[in-house]
Amino acid sequence: MTSVPESAESPLVVLGKIVGAHGIRGAVKVYSHTDPLDNILDYPQWTLRKGTETRTVTFTDARVQGRVLVVQLTGLDDRNQALELTDFEICVVQKALPDLEEGEYYWHQLEGLQVVTLEGQLLGRVDHMLETGSNDVFVVKPCEGSLDQRERLLPYLPGQYVKDINLTTGVVQVDWDPEF
């Protein structure tokens, strides 16, 4: 594993997290944010990040086990070494992500966007997204100028509640009752 500085020219996108060690031979358990969860394995080189520390790693073997992946990182053969990587985020360079079809978005693109009702009321900003099984959910937190100080959970259902997403203006327009 080597240390790597993060640069503004190649921003990193978080695709998962190491959540623990598996077995005695240095394998790690990985929680993946990709869908399906093994899509994270499409990226042969990962940048691990925790606070200001970063490391570049590759893997030699991986398998799905329930809701996590068990991954053997190159050069890691000890459980204690694997445990030291717990809570490291797994990142890739943003430009490594495949281009999406029009109207499709990566979650990191939606985080930070203002959420505005059809009537022009600012509900807040998308803080992060949640996967619920039936549909994804915006977690909208209040910001300067927002209607009130409430945190809201809004279903990410384009066409039904999400009427428009404009990455250029940084606004998500929603058909949502602010009282709900």
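Sub-6 Å Cβ pairs linking a first residue in the stretch 110-122 that is at pLDDT below 95 to a second residue that is exposed (fewer than 14 other Cβ atoms within 10 Å of the Cβ) and assigned to a loop (DSSP other than H, G, I, E, B), at least 6 apart or interchain, number zero. G120 meets each of the listed conditions (1) surrounded by fewer than 14 Cβ atoms within 10 Å (Cβ to Cβ); (2) not assigned by TED's automatic domain parsing to the domain that holds L153 apart from (2). Looking across the stretch 121-167, just one residue is on the phi > 0 side of the Ramachandran plot, outside any strand (DSSP E or B) and in contact with a strand residue (DSSP E or B) (Cβ under 9 Å, 6 or more places away or on another chain), and that is G145. Residues that are touching a His at 6+ places or on another chain (Cβ under 6 Å) number at least 3 in the following strands (runs of 3 or more DSSP E) confined to the stretch 1-111: 12-22.
The values are calculated or read from the model by the stated rules, or taken from the named source; none is laboratory data. Small disclaimer: the values here were computed from a predicted structure and weren't measured. When we count neighbours, we look across all protein chains shown, and the Cβ atoms used for this are built from the backbone with ideal geometry, even at glycine.
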